[in-house]
C-alpha cells in the first residue's frame, strides 16, 4: 500500500464522479478493518503517513477487480472446483454428532 493506493480508495469512496481508465485493478482488499483506518484518515484523525503505517501492520488479502469488457474477455475458464464445508477424506456427522 502506498499514497497512490490510498488516494485511489478515498476518491472511489467519496467522489461520485470518480472515473478511472484501468481495465483491471489489483490491490489490497479494503475490508472492514482497512476501511475503518481509511475513514479515520478521511475524518482527519490521522495523517497519510500514520494511515499507511497502520495499514502495513494488517494482514490484508489481494483482490482483483475487472472493470471493462476487454478485461473479462481476456479470462479463460479452465476448470471448476466444488467447495464444501467438509474437508476431503473426512466423514460427515449427522445431527446427533455420529460420523457416517
Which pairs do you get when a residue that is at pLDDT below 90, found in the stretch 21-50, comes within reach of a residue that is part of a helix (DSSP H, G or I), reach meaning Cβ atoms under 6 angstrom, with the pair 6+ apart or on two chains?
27/5; 30/9
Output the qualifying pairs, or none if there are none: Cβ atoms under 6 angstrom, residues six or more apart or on different chains, first residue in the stretch 60-75 and in contact (Cβ under 8 Å) with a residue 24 or more places away in the chain, second residue part of a helix (DSSP H, G or I).
66/72
Considering only helices (runs of 4 or more DSSP H) wholly within the stretch 16-78, the ones with at least 1 residues that are within 18 Å of residue 2 (Cβ to Cβ) are 32-42, 48-56
Qualifying positions in the stretch 1-15 - without any contact (Cβ under 8 Å) to a residue 24 or more places away in the chain and not in a loop (DSSP other than H, G, I, E, B):
4, 5, 7, 8, 11, 12
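The values are calculated or read from the model by the stated rules, or taken from the named source; none is laboratory data. Computed from a prediction, not measured in an experiment: that's the story for all the values here. Ideal geometry is used to build each Cβ from the backbone, glycine not excepted, and the neighbour counts take in all protein chains shown.
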